[in-house]
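Only one structure is covered here, and it is reproduced in the block below.
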Amino acid sequence: MFRPKQWLWGLLPLLVLITLAIRLTERDVMAGLASRVRADLAQQGIDWARVDALGRDIRLTGQAASPEDRARASGVIARVAGTRRVDDRSSIIAIRDPYDWNAEKAEGVLTLSGAVPSEAVRRQLTAEAAAAMPSVHVVDQLELARGAPQGFADAAALVLRQLGRMGDGRGRLSGLRISLQGTANTSETIAGIEQAMAGAPAGFAAARVVIGPPRATPYLFEAERDGAGLALSGHVPNDAVRASILAMARQSLAGVAVTDRMTLADGAPAGYEAMTGFALAQLGQLSAGRASLRDGALTLRGVAPDGLTYAAVTRAVRSGLPAVLSSATAAITAPVITPYRFSAIRQGDTIAIGGFVPDESVRADVLAAVRAVAPTLTIADRTQIGLGAPQGFQVMARFVAAQAARLDPASALLVDSALTVQGRAGTFAVLDAVSGALRQPPTGMTVARIDLVPPAVRPFTWSARLHGNDVLLEGHVPSHGAREQILARARAIVTNASVVDRMRIAAGAPADFLPAVLFGLTQLQKLTAGVVSLSGQDFAIAGTGRDTIGAPEIAAAAAGPQGLPRGVTIVQNEVLPTIAAARPFELAITRGAQGVTLDGVVATDADRTALIEAARSVLPGMALTDRIRVAEGAPPDMDWVAAGRFALMQIARLRQGTARYVDQAFSIEGEAADRSGYVAANQAVRAEPFPNGGRLAAVDIRPPVVSPYHWFVQKDGQGVLLQGFVPSDAVRQANRAEARRIFAPLAVRDSQELAAGAPEGFAETAAFAMTELARLAKGRAAMLDRALKLTGEAPSEAAASQIRSALPASGPGGFSLSHEITGPAVPVPAPGQAASLPCVQRIRDIQASGTIEFRPGSDLIRPDGLNRLARIADAMRQCPAVAFVVEGHTDDVGSAASNLDLSQARALSVTKYLVRRGIAAARLTAQGFGQTRPVVANDSPANRAKNRRIDFVVRP
């Protein structure tokens, strides 16, 4: 029986099962279809295609190498059983022209970049790189692209194989052009790479192949010599240099086995062959050692076989370096020196230090000792390093060098610890210093020989002075023997008297020195007091003779058989005989341009000596001529020596003149040296009572002559000042009276001084000057010789103009006349007050009403800006004493440097305009600040407009 409602419920589960079965079957079908499609594509060598199954539809993606590859892939998919439709969403890779490919190897990483025609070629090249460079990490940055030339993969593989043989390097394919550059460790490798590149695939050409050795930093070289031979290591730039170095090594170390461990490397410093040749030449002289080069610096260590070799190597390293070497240091073991010599030889401005020193520190210490004693000397250091120095050598060597540096010429030789010194002392101070030092040499040193030549004296001077019972010997003698003969003669002529010896041994004595001196001592015996002297071959004698002995007797003795040698000339013979009595008793002291002369008589030799000593004390440094004689007849009740001292005091106040006593009568005439001397001398000689028992007979002391002759009168708020020189008291009093009359009620201060030399018409011109100055509010009238100048300020500009026009062309008596008369000065406001002036406030108001605008990017002012500047110029004219800084400012658009230049240009443009409007340029300073001083933030067009401005700031 048919019951639809009952069997309908049984169909529902059946439908669910059927649907599930269909779904599972469809998924299996899709998976199987996709697998079959991929297998067929792989079988056809199509590796670029990517497929997905959607039911029986196949979606194709990926990049095909060409339209044909794309169509072939679609055809293969369509022929797979079960495929209903091919949804082709693949694309075709782009064409590259030129077709570039790069491989760069650096620091253990190989980077592949550029174009590759297919994934298969990509895999091929990656595998080639891994095989050629197994320890290098490969970074694949290749991109698929069409356009690869025929044979691309082979050419790229060739490049990769060569990179595998290199250090760092880079290969490149660009179309059919191959380039390869980099470094290789050996010449054989470089040659092999170049040969391989010559066999590039057909059609390809090696456009650029540059293979060199790797770069070494630092660039090193080392040569070590020992008992086994010579080992060379480090770097060489090429095989030619290697061969050159090996040849130099075999030449410098003939018969020594040479081991070559040098490797090729780029980066050799300039002159590398010369450097290595120098190093090998020095090493070849040592019995063992090592020479190392680091770039251009040489280090040499080793053992010298003997002293000469040690000296040669150290001298070469210290002073014989080739120019290509930047520096050199040496640590050479020195030989033992016997005997141990050290020397210091000076000739002129050069001192040569030679011999041996134990190390560099001692060398430096000795040279420092020379510089301390004679810092201007040129030191020629010729010392060598040598072992075997005696104990205390460093102190000895310093001592020897220091003494030699003081002498010129000098030769000081230290052999072990024995010193020999020869030389000439330039001064007595040097002679004393060296002699004293040699008397106390350093501990352990013995002075074997001293031969010091005293300084040469020109002229060679000597003198003997007899004073009372004493003889004083001074000056120079040529030798110790000459000194003893002179002392013996001096003691013979002055029995029961003392002989004071102040003579010094010196070089430069004339040939007839000793006979001339002995003759002089014989003549000194004939005097009661006096001096005999010798200067070169000039003989002089002065003093008071015993009894009637005077100059004629001395001259006769000089011409006699026991007289002066022929080459000696008497240049002074002022021996005066003793006078029994002098009437009148006179003393005259005269001062002139050549010095001071004492003439006349005194009662005793002691008085004569006292006056001479007084003259030297009162008039130090002046040439003194003594013509005083001893005589009887001195005025009673008068201190003749004190009177002479009084006359000397007045003469010291004169430029020239004579003071004279005739018995008690004193007279003086002459020209005062200065104003103070004029006043003091006049007051002294007019004092009552007259000093020392004398009396004033006549006085004529003239004021000093002044040139140029200057005088001025000055008027200011404090009163009137008269200052300068006037020719007489009468003129001074007349000027003072005239000033009080003209300038009343102003106080008059008189600082005028008497002086001779006034120009003719001085008094009339002074009166004229005061009259004209009285018309000014303040000022000065000054005379300089015959020129008069009037300067000052009138009460008003009108008065100034009237005074200037009323002045004559010249002054009284032909004096030249010039003037600088102005009106009242414009008051300059204080810095704190200027900012509050009405004109400054008006400028601020004009600025506040609008900005001064310019054309964009230019310093040209727009017309409305010119109108605003014209108003500002009117305001500035109201305060002419105020100065301004014209500041230019910009916004932040553009570079800071260009904004600074623009702001400065705009400030200058404004300043020039104001000057054209009549503002003094000295009142204006243009200053550009660029974008550095904004008044608001530059964050909007409106704010930037506020920052583009010109400011006027009151300048202090």
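Along each of the three principal axes of the Cα atoms of the stretch 341-453, give the extent in whole Å, ordering the values from largest to smallest.
For the stretch 341-453, the Cα spread along each principal axis is 38, 28, 17 Å.
Could you check how much of the accessible area of the stretch 297-425 is carbon and sulfur, as a whole percent, using a 1.4 Å probe?
Details: 3060 of 5690 Å².
Answer for the stretch 297-425 is 54 percent, counting heavy atoms of protein chains only.
Over the chain, with the other protein chains present, what is the accessible area per residue in square angstrom, probe 1.4 angstrom? Mind dumping the intermediate values first?
Details: 47390 Å² over 956 residues.
Using a 1.4 Å probe on heavy atoms only, each residue of the chain averages 50 Å².
For the stretch 100-212, rounded, prolate or oblate, judged on the Cα gyration tensor with a ≥ b ≥ c (square roots of eigenvalues), a/c < 1.5 rounded, else prolate if a/b > b/c? Don't skip to the answer; put the middle values down first.
Details: a/c = 1.92, a/b = 1.23, b/c = 1.57.
Oblate is the answer for the stretch 100-212, as a/c is 1.5 or above yet b/c matches or exceeds a/b.
Out of all Cα-Cα pairs in the stretch 586-702, roughly what percent, to the nearest whole number, are more than 26 Å apart?
Values: 813 of 6786 pairs.
Value for the stretch 586-702: 12 percent of Cα pairs lie more than 26 Å apart.
At 37 °C and 0.692 mPa s, what whole-number value in µm²/s does Stokes-Einstein give for the translational diffusion of the stretch 156-196, with Rh from the Kirkwood sum over Cα pairs? Present the calculation step by step, with values, prior to reporting the outcome.
Numbers: Rh = 10.3 Å.
Estimated diffusion coefficient is 317 µm²/s.
Can you give the extra length, in nm with one decimal, that the chain gains between ALA684 and ASP154 once fully stretched, where that is 0.36 nm per residue apart less the Cα-Cα distance? Provide the component values of the computation, followed by the final result.
Numbers: separation 530, 0.36 × 530 = 190.80 nm, distance 12.76 nm.
Value of the extension gain: 178.0 nm.
Taking K and R as +1 and D and E as -1, what net charge do the other residues with C-beta under 14 Å from the C-beta of GLY354 add up to? Write down the numbers at each step before the final one.
Values: positive: ARG315, ARG341, ARG346, ARG363, ARG382; negative: ASP381.
Within the 14 Å Cβ shell, the charges total +4.
For the stretch 606-669, with all protein chains present and a 1.4 Å probe, just round the carbon and sulfur fraction of the accessible area to a whole percent.
Details: 1290 of 2840 Å².
Exposed carbon and sulfur together represent 45 percent of the surface.
Let me spell out the model: positive unit charges on the Cβ of Lys and Arg, negative unit charges on the Cβ of Asp and Glu, origin at the Cα centre of the chain. What dipole size does that give, in debye rounded to 20?
Dipole magnitude for the chain comes out near 3320 debye.
Kindly give the semi-axes, whole Å and largest first, of the ellipsoid equivalent to the stretch 26-92, taking each as the square root of 5 times a Cα gyration tensor eigenvalue.
On the way: eigenvalues 74, 25, 18 Å².
For the stretch 26-92, the ellipsoid semi-axes come out as 19, 11, 9 Å.
Which shape class, rounded, prolate or oblate, goes with the stretch 648-738 when its Cα gyration tensor gives a ≥ b ≥ c as root eigenvalues, a/c under 1.5 marks rounded, and past that a/b bigger than b/c marks prolate? Show your work: numbers first, answer last.
Values: a/c = 3.27, a/b = 2.32, b/c = 1.41.
Prolate is the answer for the stretch 648-738, as a/c is 1.5 or above and a/b outweighs b/c.
How large is the convex hull of the Cα atoms of the stretch 831-954 per residue, expressed in Å³ as a whole number?
102 Å³
For helix 272-283, report the angle its Cα long axis makes with the longest principal axis of the Cα atoms of the chain; keep it between 0 and 90° and round to the nearest 10°.
60 degrees
In whole percent, what relative contact order does the chain give with Cα contacts below 8 Å and a gap of six or more residues? Let's see the in-between values first.
Numbers: 1873 pairs, mean separation 33.1, N = 956.
For the chain, the relative contact order is 3 percent.
Go ahead and collect, in residue order, the members of the stretch 750-772 whose backbone nitrogen is under 17 Å from a label point 7 Å along the Cα-Cβ direction of ALA737.
Within reach of a label on ALA737: 750, 763-768, 770-771.
Just to confirm my numbers, what's the Cα centroid distance between the stretch 294-322 and the stretch 870-916 in Å?
70 Å
Counting each DSSP H run of 4 or more residues in the chain as -39500 (n - 2.57), what helix-only mean residue ellipticity at 222 nm follows after dividing by all residues, to the nearest 500 deg cm²/dmol? Write down the numbers at each step before the final one.
Numbers: 25 runs with 336 residues, N = 956.
-11000 deg cm²/dmol, from helical runs alone.
Report the full-extension gain for the segment ALA42 to GLU764: residue separation times 0.36 nm, less the Cα-Cα distance, to one decimal in nm. Mind showing how you got there, number by number?
Numbers: separation 722, 0.36 × 722 = 259.92 nm, distance 13.51 nm.
Length difference between fully extended and current span is 246.4 nm.
First select every other residue whose beta carbon is under 10 angstrom from the beta carbon of MET622; then total the charges, Lys and Arg +1, Asp and Glu -1.
Working: positive: ARG591, ARG616; negative: none.
Charge balance in the 10 Å sphere: +2.
Report, to one decimal in Å, the Kirkwood hydrodynamic radius for the stretch 710-822 based on all distinct Cα pairs. Before the final figure, lay out the partial values.
On the way: mean 1/r = 0.0716 Å⁻¹.
Averaging 1/r across every pair of different Cα atoms and inverting gives 14.0 Å.
Summing Lys, Arg as +1 and Asp, Glu as -1, what charge do residues with Cβ under 14 Å from the Cβ of ARG382 carry, ARG382 excluded? Don't skip to the end; give the middle numbers.
Values: positive: ARG315, ARG318, ARG341, ARG346, ARG363; negative: ASP381.
Summing Lys/Arg as +1 and Asp/Glu as -1 gives +4.
Kirkwood Rh, Cα Rg: Rg to Rh for the chain? Present the calculation step by step, with values, prior to reporting the outcome.
Working: Rg = 57.4 Å, Rh = 44.9 Å.
A ratio of 1.28.
Any number yet on Rg/Rh for the stretch 753-898, C-alpha, Kirkwood? Please report the intermediate quantities before stating the final value.
Values: Rg = 26.1 Å, Rh = 20.3 Å.
The Rg/Rh ratio comes out at 1.28.
How large is the Kirkwood hydrodynamic radius of the stretch 220-333, counting all unique pairs of alpha carbons, in Å? Please list the in-between numbers first.
Numbers: mean 1/r = 0.0721 Å⁻¹.
For the stretch 220-333, inverting the mean 1/r across all distinct Cα pairs yields 13.9 Å.
Note down the accessible area of ARG502, probe 1.4 Å, to the nearest 10 Å².
140 Å²
For the stretch 28-126, give the percent of accessible area contributed by carbon and sulfur heavy atoms, probe 1.4 Å, rounded to a whole number. Intermediate values should be presented prior to the final figure.
Working: 2480 of 5040 Å².
The nonpolar share, carbon plus sulfur, comes to 49 percent.
The values are calculated or read from the model by the stated rules, or taken from the named source; none is laboratory data. What you are looking at is a predicted structure, and each value in this text was computed from that prediction instead of being measured. Using ideal geometry, Cβ is built from the backbone for each residue, glycine included, and neighbour counts are taken over all protein chains shown. For accessibility, only protein heavy atoms count, side chains too; no ligands or nucleic acids. Shrake-Rupley method; radii C 1.70, N 1.55, O 1.52, S 1.80 Å.
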